[in-house]
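**Q** Mind looking over this structure? Questions follow.
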Amino acid sequence: MTILALVFDVDGTLAETEECHRTCFNQAFAEHGLEWTWDRSLYTRLLAVTGGRERIVHYARSRGQDIDAASLHARKTELYNERVRKGAVTLRPGVMNLIDRARREGLLLAIGTTTSRRSVTALLESTLGPEAGPIFASIRTGEDVRRKKPDPEVYRLVLSDLALDGRCCLCIEDSRNGLVAARAAGMHTVVTPSLYTCHEDFSDADLVIGDLSMPWSAPEFRPLTS
Ligand code: XBP
Ligand code: MG
């Protein structure tokens, strides 16, 4: 079956965003008077819980603390958006070229992510320009679903928007949770492991590559190098 659409995850795939997320969590904790610090090793473990608000709830419970996760997460999102709009995060190698090439070849582009619409928009506008939104035929976020990845709900919504079967789509992910979600939605998968996910198991992906600037090709899709 020919590939008709590329479906991108955001965090870790379009850009290495998690360091920015992590430091914004820590700043929000400090502002709220919490003596919490998520260092890289702890954050690696906490990423098993997808969704920033859910991650905060999980951590508070593990310490037996009762906190206002919604306002903490809202502040973290505000800080993250400010930093991203100031250019704190750039696209990973090969992402821009792949988007350009896919558009030239008439493929549909879409996004399925766990983060919020506001954070996706900030990232797309700061990296692809103010008119980035319409490049994507569907953008579905954590706010559109009841269950976040590894549940396939977000990717099923994307496929429904595109009116495509998963077998016509190639999903590009960076994490085990994302890979499980994409496969459960029936899509082909390419994994580009990121800083926080490079230790994870991607053995059931169709392809694993260091980053998208490397030569690769997908089933029934012309080689994706120029
Ligand atoms: C990314 C996430 C997100 C980010 C933080 O998962 O799990 O929660 O860590 O974003 P994926 P928010 O790349 O698999 O979509 O704080 O906005 O949730
Ligand atoms: Mg990701």
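**Q** Given a Förster distance of 22 Å, report the FRET efficiency between Ala184 and Arg101 from their Cβ-Cβ distance, rounded to the nearest 0.05. Could the numbers behind the result be given before it?
**A** Details: r = 28 Å, r/R0 = 1.25.
Plugging the Cβ-Cβ distance into 1/(1 + (r/R0)^6) gives 0.20.
**Q** Would you work out if segment 18-85 is rounded, prolate or oblate? Take a ≥ b ≥ c from the square roots of the eigenvalues of the alpha-carbon gyration tensor; rounded if a/c is under 1.5, else prolate when a/b is larger than b/c, oblate otherwise. Write down the numbers at each step before the final one.
**A** Working: a/c = 1.58, a/b = 1.22, b/c = 1.30.
It comes out oblate by the Cα gyration axes.
**Q** Take the alpha carbon gyration tensor of segment 77-188, find the square roots of its eigenvalues, order them as a ≥ b ≥ c, and report rounded if a/c is under 1.5; if not, report prolate when a/b exceeds b/c, else oblate.
**A** Details: a/c = 1.79, a/b = 1.24, b/c = 1.45.
Cα axes put segment 77-188 in the oblate bin.
**Q** Same structure, new question: Around Ile139, which amide H atoms from residues at least 5 apart in sequence, or from another chain, sit under 5 Å from its own amide H, with H modelled in the peptide plane?
**A** Here the answer is Ile111, since their amide H atoms fall under 5 Å of that of Ile139.
**Q** Using a Cα-Cα cut-off of under 16 Å, which lysines could be cross-linked to Lys76, ignoring same-chain neighbours fewer than 8 residues away?
**A** Lys86
**Q** OK, next. Could you run the Karplus curve 6.51 cos²θ - 1.76 cosθ + 1.60 with θ = phi - 60° over segment 96-101 and give me ³J(HN,Hα) per residue in whole Hz, x for Gly and Pro?
**A** 4, 4, 5, 4, 4, 5
**Q** Another one. When the C-alpha atoms of the chain are aligned to their principal axes, what extent does each axis show, in angstrom, from largest down?
**A** The Cα atoms of the chain stretch 54, 34, 30 Å along their principal axes.
**Q** Between Leu128, His73, Ser194, whose Cα lies farthest towards the positive end of the dipole of the chain when Lys and Arg beta carbons carry +1 and Asp and Glu beta carbons carry -1, centred on the Cα centre?
**A** His73
**Q** Let me ask something else about it. Which value, in debye to the nearest 20, gives the size of the charge dipole of segment 18-85 about its Cα centre, when Lys and Arg are +1 and Asp and Glu are -1 at the Cβ?
**A** Values: 11 positive and 10 negative charges, 38 e Å.
In debye, rounded to 20, segment 18-85 gives about 180.
**Q** Would you work out which of Thr90, Thr37, Gly64 lies farthest towards the positive end of the dipole of the chain, given +1 charges on the beta-carbon of Lys and Arg and -1 on that of Asp and Glu, about the Cα centre?
**A** The listed residue farthest towards the positive side: Gly64.
**Q** In whole Hz, what ³J(HN,Hα) sequence does segment 16-27 give by Karplus (6.51, -1.76, 1.60; θ = phi - 60°), x for Gly and Pro?
**A** 7, 8, 5, 5, 5, 4, 4, 5, 6, 4, 4, 5
**Q** Treating the beta-carbon of each Lys and Arg as +1 and of each Asp and Glu as -1, no other charges, what is the dipole magnitude of the chain about its Cα centre, to the nearest 20 debye?
**A** Numbers: 28 positive and 31 negative charges, 42 e Å.
Dipole magnitude for the chain comes out near 200 debye.
**Q** What does the C-alpha gyration tensor say about the overall shape of segment 141-226? Classify as rounded when a/c is under 1.5, otherwise prolate if a/b is larger than b/c, or oblate. Walk me through the numbers on the way to the answer.
**A** Details: a/c = 2.11, a/b = 1.24, b/c = 1.70.
Judged from the Cα gyration tensor, segment 141-226 comes out oblate (a/c at least 1.5, b/c at or above a/b).
**Q** Based on the alpha-carbon set only, what is the convex hull volume of segment 57-139 divided per residue, in Å³? Before the final figure, lay out the partial values.
**A** Values: hull volume 9.6 nm³, N = 83.
Spread over its residues, the Cα hull of segment 57-139 gives 116 Å³ apiece.
**Q** Continuing with the same structure: Restricting the count to DSSP beta bridges whose residues both fall in the chain, what percent are antiparallel, rounded to a multiple of 5? Write down the numbers at each step before the final one.
**A** On the way: 1 of 19 bridges.
Just about 5 percent of them are antiparallel.
**Q** Under 5 Å between amide hydrogens, which residues at least 5 positions from His188 or on another chain qualify, with H placed 1.01 Å from N in the peptide plane?
**A** Long-range HN contacts for His188: Cys169, Cys171.
**Q** Ok, one more. For the residue pair Asp144 and Lys86, what label-to-label distance in nm results when each label sits 7 Å from Cα along the Cα-to-beta-carbon direction?
**A** Result: 3.1 nm between the two label points.
**Q** Rounded to whole Hz and in sequence order, give me ³J(HN,Hα) for segment 190-199 from the Karplus expression 6.51 cos²θ - 1.76 cosθ + 1.60, θ = phi - 60°, writing x for Gly and Pro.
**A** Per residue, the Karplus-derived 3J(HN,Hα) values read 10, 10, 10, x, 10, 3, 8, 10, 5, 8 Hz.
Bear in mind these aren't lab numbers, they're just calculated from the coordinates by the rules spelled out. In this text, all values refer to a predicted model and were calculated from it rather than measured experimentally. No Cβ is skipped: glycine too gets one built from the backbone with ideal geometry, and neighbour counts run over all protein chains shown.
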